[in-house]
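My structure is below; once you've seen it, I'll send some questions.
The values are calculated or read from the model by the stated rules, or taken from the named source; none is laboratory data. Note that the structure is predicted; figures quoted are calculated from it, not measured. Please note: Cβ atoms are built from the backbone with ideal geometry, for glycine as well, and neighbour counts cover all protein chains shown.
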Amino acid sequence: MIKLDIEKSFKGTSSLWEMALSCNWDLGRIIGISGPSGAGKSTLLRIIAGLEQPDQGHIMIDNQVWYDSTSSINTPAGKRNIGFVFQDYALFPNMTVQQNLLFAQKVKDIRLVNELIEVMEMEAWRDIKPQLLSGGQQQRVALARAIAMKPDLLLLDEPFSALDPALRDRLLGYLKMLHQKYRMTIFLVSHDLDSLTKVSDQLLFLDNGKVTSQQNSPFTPIKT
Ligand code: ADP
Ligand code: ADP
C-alpha cells in the first residue's frame, strides 16, 4: 500500500498555489493521473520520487516511511527504487543508447535490455549517442531506461507525448505486459484520456493541487 498525505505550497507572483492530497493506493496497480496544466501532476510525481519535499505530511510505501515531516525522515531519491521518465528525458549524453540502458540497471540483465531495444524498435540506434536522436526517439530511450531498472515504482510524466499514435498504442500494450510480468506499480501522467483508460487500474483527476475525482476500472465514459 502506498499512503500519501501531503501539503505543499508555492508562492507565485500574484497568488499562492496550494496542494493538499490524501490518497491510498494498492501496490501493483497502474494509476493514471490527469488534469489541467498547473494541476500539480508533475509536482506529485516529483514528491513521490523524492526530488521535491512536501511542506508537511508523510509518504509511506509498503510500511516503509519515505517521508515524514514530524520525524524528519526523508529517504533520498536514490534509495527509493524508482524509475522515472520526466519531460526532459535526462539521458546521459556521452553514452550510447545501449550504455544508457545498461547504466540504469542494478542487475545487468542484458536479456531485458535486448528485449527493450527490440520491442521499442531501437536496434538501429543501439550504438549512437542520444543527441543524434529526435525528441520522440529520446523519449523511447528514456522509457526503456526507466523500465530496465525493474523498479518497484515507475513514474511516467507524459511518456508518449512525442510519439505517433500507432507506436504509442504498441508501447502502451508493452507497458501493460511488463507491469504484469514484474508487478511494478506505475504512475502515469497524461492528458490523453484514451491512453489512460486503456491501461490504468485507477484514474486520479487533479485540479489546483486537489483530487477532483477518482475512479476504478472499468471506467464509466469520461467527458472532457
Ligand atoms: P502540472 O504538472 O499538473 O502541469 P505542476 O506540478 O508542474 O502542474 O505545477 C503545479 C503548479 O505549481 C503550477 O502552478 C506551477 O507553476 C507551480 N510550480 C511547480 N513547481 C514549482 C516551483 N519549483 N516553484 C514555484 N512554483 C512551482
Ligand atoms: P509541466 O510541463 O509538467 O507542467 P512545469 O513546467 O510545471 O512542468 O515544470 C518544469 C520545471 O519548472 C520543474 O522543475 C518545476 O519545478 C519548475 N517550475 C514550474 N513552475 C515554476 C515556477 N512558477 N517557479 C519556479 N519553478 C517552476
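One line per residue, one yes/no per condition, for (1) within 14 Å of ligand 2 (Cβ to nearest atom); (2) part of a strand (DSSP E or B); (3) at negative phi; (4) at pLDDT below 95:
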site	(1), (2), (3), (4)
Glu7	no, yes, yes, no
Ile31	no, yes, yes, no
Leu44	yes, no, yes, no
Leu51	yes, no, yes, yes
Val65	no, yes, yes, no
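Next question. If I ask for residues that are within 16 Å of ligand 2 (Cβ to nearest atom) and surrounded by fewer than 23 Cβ atoms within 10 Å (Cβ to Cβ), which ones from segment 143-165 would you list? It would help to see each step written out before you state the result.
From segment 143-165, those within 16 Å of ligand 2 (Cβ to nearest atom) are 155-162; that's our starting set.
Those that are within 16 Å of ligand 2 (Cβ to nearest atom) and surrounded by fewer than 23 Cβ atoms within 10 Å (Cβ to Cβ): Asp157, Glu158, Ser161, Ala162.
For segment 70-81, indicate whether the set of residues that are within 16 Å of ligand 1 (Cβ to nearest atom) and not β-branched (Val, Ile, Thr) is non-empty.
yes
All but one of (1) closer than 24 Å to Ala146 by Cα; (2) in contact (Cβ under 8 Å) with a residue 60 or more places away in the chain; (3) within 13 Å of ligand 1 (Cβ to nearest atom) hold for Gly38, so report the exception by its number.
Unmet for Gly38, out of (1) closer than 24 Å to Ala146 by Cα; (2) in contact (Cβ under 8 Å) with a residue 60 or more places away in the chain; (3) within 13 Å of ligand 1 (Cβ to nearest atom): (1).
Of the residues that sit in segment 86-127 and are part of a loop (DSSP other than H, G, I, E, B) and modelled with pLDDT of 90 or more, which one is farthest from Ile186 (Cα to Cα)?
Filtering first and then ranking leaves Asp127.
Return only the number of the condition from (1) within 16 Å of ligand 1 (Cβ to nearest atom); (2) more than 20 Å from Gly173 (Cβ to Cβ); (3) crowded, with 18+ Cβ neighbours inside 10 Å; (4) not hydrophobic (A, V, I, L, M, F, W, C) that Asp88 does not satisfy.
So Asp88 meets the others, but not (3).
Let me ask you something else. Just for segment 174-224: of the residues that are on the phi > 0 side of the Ramachandran plot and surrounded by 14 or more Cβ atoms within 10 Å (Cβ to Cβ), which one is nearest to the chain's Cα centre (by Cα)? So that I can check it myself, show each step before the final result.
Initially, segment 174-224 is screened for residues on the phi > 0 side of the Ramachandran plot, giving 183, 208-209.
So of that shortlist, the ones also surrounded by 14 or more Cβ atoms within 10 Å (Cβ to Cβ) come out as 208-209.
Details: Asn208: 20, Gly209: 18 Å.
Ranking the qualifying residues of segment 174-224, first place goes to Gly209.
Among what's in segment 8-26 and is away from ligand 1 (no atom under 13 Å from the Cβ) and closer than 19 Å to Leu196 by Cβ, pick the residue that is surrounded by the most Cβ atoms within 10 Å (Cβ to Cβ).
Step by step, filter segment 8-26, then rank; the result is Trp25.
Would you pick out the residues in segment 44-57 that are more than 13 Å from ligand 1 (Cβ to nearest atom) and surrounded by fewer than 19 Cβ atoms within 10 Å (Cβ to Cβ)? Spell out how you get there, then give the answer.
If we filter segment 44-57 for residues that are more than 13 Å from ligand 1 (Cβ to nearest atom), which is where we start, we get 50, 56-57.
Selection gives Gly50, Gln56.
Additional query: Just need a number here: residues in segment 151-164 that are away from ligand 1 (no atom under 16 Å from the Cβ), touching a strand residue (DSSP E or B) at 6+ places or on another chain (Cβ under 8 Å) and assigned to a loop (DSSP other than H, G, I, E, B).
Start the filter on segment 151-164 by keeping residues that are away from ligand 1 (no atom under 16 Å from the Cβ), which leaves 151-154, 162-164.
Pick out the ones that are also touching a strand residue (DSSP E or B) at 6+ places or on another chain (Cβ under 8 Å) and you get 151-154.
Restricting the remaining residues to those that are assigned to a loop (DSSP other than H, G, I, E, B) gives 151-152.
Result for segment 151-164: 2.
Of all residues being without any contact (Cβ under 8 Å) to a residue 12 or more places away in the chain and either farther than 15 Å from Met1 by Cβ or among the small types (Gly, Ala, Ser) (or both) in segment 58-72, which is surrounded by the fewest Cβ atoms within 10 Å (Cβ to Cβ)? Just the residue, please.
Going through the qualifying residues, I end up with Ser72.
Next up: From (1) in contact with a Lys or Arg (Cβ under 7 Å, 6 or more places away or on another chain); (2) closer than 21 Å to Glu115 by Cα; (3) within 14 Å of ligand 2 (Cβ to nearest atom), pick out the condition that doesn't hold for Leu172.
(3)
Can you find even one residue in segment 119-126 that is surrounded by fewer than 16 Cβ atoms within 10 Å (Cβ to Cβ), in contact (Cβ under 8 Å) with a residue 24 or more places away in the chain, within 16 Å of ligand 2 (Cβ to nearest atom) and closer than 21 Å to Leu175 by Cβ?
At the first step, the residues of segment 119-126 found to be surrounded by fewer than 16 Cβ atoms within 10 Å (Cβ to Cβ) are 121, 123-124, 126.
Pick out the ones that are also in contact (Cβ under 8 Å) with a residue 24 or more places away in the chain and you get 121, 126.
Still in the running and within 16 Å of ligand 2 (Cβ to nearest atom): none.
The answer is no, given that none of the residues of segment 119-126 is surrounded by fewer than 16 Cβ atoms within 10 Å (Cβ to Cβ), in contact (Cβ under 8 Å) with a residue 24 or more places away in the chain, within 16 Å of ligand 2 (Cβ to nearest atom) and closer than 21 Å to Leu175 by Cβ.
In segment 191-209, how many are within 16 Å of ligand 1 (Cβ to nearest atom), assigned to a loop (DSSP other than H, G, I, E, B) and either farther than 15 Å from Gly38 by Cα or among the aromatic types (Phe, Trp, Tyr) (or both)?
First pass over segment 191-209, keeping only residues within 16 Å of ligand 1 (Cβ to nearest atom): 191-193, 196, 203-209.
Cutting the leftovers down to assigned to a loop (DSSP other than H, G, I, E, B) gives us 191-192, 208-209.
When the remaining residues are screened for being either farther than 15 Å from Gly38 by Cα or among the aromatic types (Phe, Trp, Tyr) (or both), the result is 192.
Selection size over segment 191-209: 1.
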